[in-house]
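The values are calculated or read from the model by the stated rules, or taken from the named source; none is laboratory data. What you see is a predicted model; the values in this text were computed from it and never measured. Glycine gets a Cβ as well: all are built from the backbone with ideal geometry, and neighbour counts include every protein chain shown. Note: areas computed on protein heavy atoms with side chains; ligands, DNA, RNA excluded. Shrake-Rupley method; radii C 1.70, N 1.55, O 1.52, S 1.80 Å.
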Amino acid sequence: MRGAFAFILLLLFWQVGQCFSFSGEWDCTLQLLPTLSLYSSSLTLQWRFIPGWFVESTSTFASSGFRYQDFYVSGFLGDLSCEGKIYFHAEEVRYRRAWAKLSWPLSAGTVEFSANHWSSSMEYTSDHKKTYGPWPCVNVVSWEEAWCHVGRTLYVYGPVVGYEKQSYLRLYIGRTDPYRFEVYISASYLPNFEVAFGKNFWETWAEENRVICVYGEIKDWRYTADGGYSVPQISLSSTANISMRGCCGFPTKTTCPPNLIRWFEAKNHVGETVYVQGPIVSYASEGGVSNRLLRIGGGGTVPNRLEIYYAPGFPDDFRSRFSAGKFVCVYGTISLVGGVARIVVDDLTTFPIYEGSCCGAELLPGQFLNWRVELQFDPWTFTVDFGDCSTGTVFRRATLSWEGLPFLCCGLFLDGSLTFTKCFAWEGLSFVLRDLFLPCCGITAKISGTLALDSLSLSFEPDWRGISGCFTIYGGLSWLENAIRGIEVYGWSISCYAGNVKLRIVTALDPDEVEDRTDITFYSGEWEYLGLTYSGESSFGDLIFTAEFWFGEKGIIFGVQRFKFNLEIPLMPTITLILKGQWNFTKSSPLDWLDSGWEITF
């Protein structure tokens, strides 16, 4: 069905193209090894049907069939410039995102209105984050409410009041008794957190009752000591999911039954009809009847457990739906049998048991609409963003930027920007100091940098007689309440340009953090990248060759762990042949893929 739809769509475009001027481009990549298959193919068509206006269609195919369909339109209405684009996922038959932009000149500058809409956070890329800031449509709960949201992925905030440090780390949030909320960091990830927040940071946080915000799935963690109890817990593996600058998001509207208790409290409510939530631990026999008891919260040695009693015994279909490990909500009257809390079930078909928390939550639908107004009066540009997460339009952020301002003396010019947000007030600063003459050999240089709430980078780019380069440091900021405590260095890069050749080296002390700040992807164990690019003119265009090396813990000769190359050969002015491949030497069969393809314009 989708293949027929794609054929009809392309046929329609062809017929329209017979009446109006059109051009286009066809890109195709075939995987040659290890198996022959279609990797990807895209067809872009442009029609110019009215002077000053054109429509563009991009259809993308993969081995599974028709995958993406995008439409773009651009044109003028007098002095008004109009453009927009909409993206669809053809394979999953859904809308992805869209944007539209209107701009027109003023007497001394330009004004621009734009709107961007994303159907979900999955469509919000790293490029969008750089332009519009972090994804804003997030739900937030306090630590006291976390137990009502087991199984949900949310932001949770609260003060650190204690900790447990073994090889792992547990931070106690809000309280230290069984009614606390926990943050768990395993031994394998703890060194990364110490790099980001300081040696033994948990001691300072607990002493100062530092308020933190964490993001992740809230899980139920059971303890069998002290009679048995559970605490809500988020397990962290990335420093990006913890912040000391508050939770920027929307409070979650939680609705819980008034008579809701936790499983280990059941013995305190004998004779009462209540809702109880907790994890299923096991099924047990009693009086010679198998599977007569369903145990919630603990096994036979946990005195605070809750037992669900069904005289005939729980049938197989029930136990498959409510298996051990599932978190459930049950409703019934508490009795006490042998010192253990029990709910007796008369009719299993009407017994109220539900998977998940007893509490409902009005979560955000996941869509985001950003409105932007931009005023430009050389050398100044003022940008304001308003956002709507299906809760109403609110102010989000504002940026003041400038370009080419004279700086101090000696012909220096300064570019820069300042960004402010509703949540954090000041969010970021960037600058570029251009045309800096060094006192030797006719060398000029450019110095640039960015300072944001979670990142820091500094670059030095010298230029001398056809040879230029760039040295960049990537880092982050360590915060103490709302003040900067220190700076962490995550890595650095060196780039050199000489004629047709470019050399780039990236060293990552923290590969995850460097990935967020560059376009380089590191696999497990990799810590350094070297890329060499040659671009030379030929009879029909530019011949481009790129060789990339990743060095790591499991590298072979000279520590090379992965190798990748890309070769583009122009065969004709309108045809370019592409050959590329990748080898990962940590595998028994190193070849990941060897591809060949082409780009044809018409």
- Which shape class applies to region 59-172: rounded if a/c is under 1.5, otherwise prolate when a/b exceeds b/c and oblate if not, where a ≥ b ≥ c are the square roots of the Cα gyration tensor eigenvalues? oblate
- Message: Under the √(5λ) rule applied to the eigenvalues of the Cα gyration tensor, what semi-axes describe the equivalent ellipsoid of region 305-391? Give them in Å, descending.
- Response: 56, 14, 11
- Item | From phi via Karplus (6.51, -1.76, 1.60), per-residue ³J(HN,Hα) for region 422-428 in Hz, x at Gly/Pro | 5, 7, 10, 6, 6, 10, x
- Longest span of the chain, sites excluded, free of GluC sites (Glu not before Pro) in DSSP loop with at most 13 other C-beta atoms within 10 Å? 273-480
- Along the positive direction of the dipole of region 99-184 (beta-carbon charges: Lys, Arg +1; Asp, Glu -1; about the Cα centre), which of 151, 99, 172 reaches farthest? 172
- With all protein chains present, calculate the accessible area of residue 37 using a 1.4 Å probe and round the result to the nearest 10 Å². 40 Å²
- Query: Within region 563-578, whose backbone N sits under 16 Å from a point 7 Å along Cα→Cβ of residue 39?
  - Reply: 563-569, 576-578
- Task: Measure off, as a whole percent, the carbon and sulfur share of the 1.4 Å-probe accessible area of the chain, all protein chains present.
- Result: 59 percent
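Can you figure out the FRET efficiency of residue 471 with residue 326, using R₀ = 51 Å and their beta-carbon distance, to the nearest 0.05? Can you show the working numbers first?
Working: r = 54 Å, r/R0 = 1.07.
It comes out at approximately 0.40.
Pull out the extension gain between residue 319 and residue 556, defined as 0.36 nm times the separation in residues minus the alpha carbon to alpha carbon distance; nm, one decimal. Walk me through the numbers on the way to the answer.
Values: separation 237, 0.36 × 237 = 85.32 nm, distance 5.14 nm.
This chain segment gains 80.2 nm when fully extended.
Ignoring ligands, DNA and RNA, how do 210, 262 rank by accessible area with a 1.4 Å probe, largest first?
262, 210
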- Per residue, what accessible area does region 132-171 have, given a 1.4 Å probe and all protein chains present, in Å²? 36 Å²
- Message: From the convex hull of the Cα coordinates of region 84-150, what is the mean projected area in square nanometres?
- Response: 7.9 nm²
- Item | region 489-602 - Rg over Rh from alpha carbon coordinates, Kirkwood radius | 1.03
- Query: In the structure displayed, which of 165/253; 326/587; 85/130; 422/502; 446/502 lie more than 30 Å apart, Cα to Cα?
  - Reply: 165/253; 326/587; 422/502
- Message: Over all directions, how big on average is the projection of the convex hull of the alpha-carbon atoms in the chain, in square nanometres?
- Response: 37.1 nm²
- Query: Can you list the aspartates and glutamates whose alpha carbon is less than 17 Å from that of residue 580, not counting same-chain residues fewer than 8 positions off?
  - Reply: 27, 542, 548, 568, 592, 595, 599
- How big is the charge dipole of the chain about its Cα centre, in debye rounded to the nearest 20, if each Lys and Arg gets +1 on its Cβ and each Asp and Glu gets -1 on its Cβ? 860 debye
- Arrange the residues 122, 572, 244 by how much accessible surface each exposes, largest first, with a 1.4 angstrom probe. 122, 572, 244
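With a 1.4 Å probe and all protein chains in place, put 256, 247, 389 in order of accessible area, largest first. Intermediate results must be reported in sequence, preceding the final value.
On the way: 256 55, 247 35, 389 5 Å².
The most accessible residue leads, giving 256, 247, 389.
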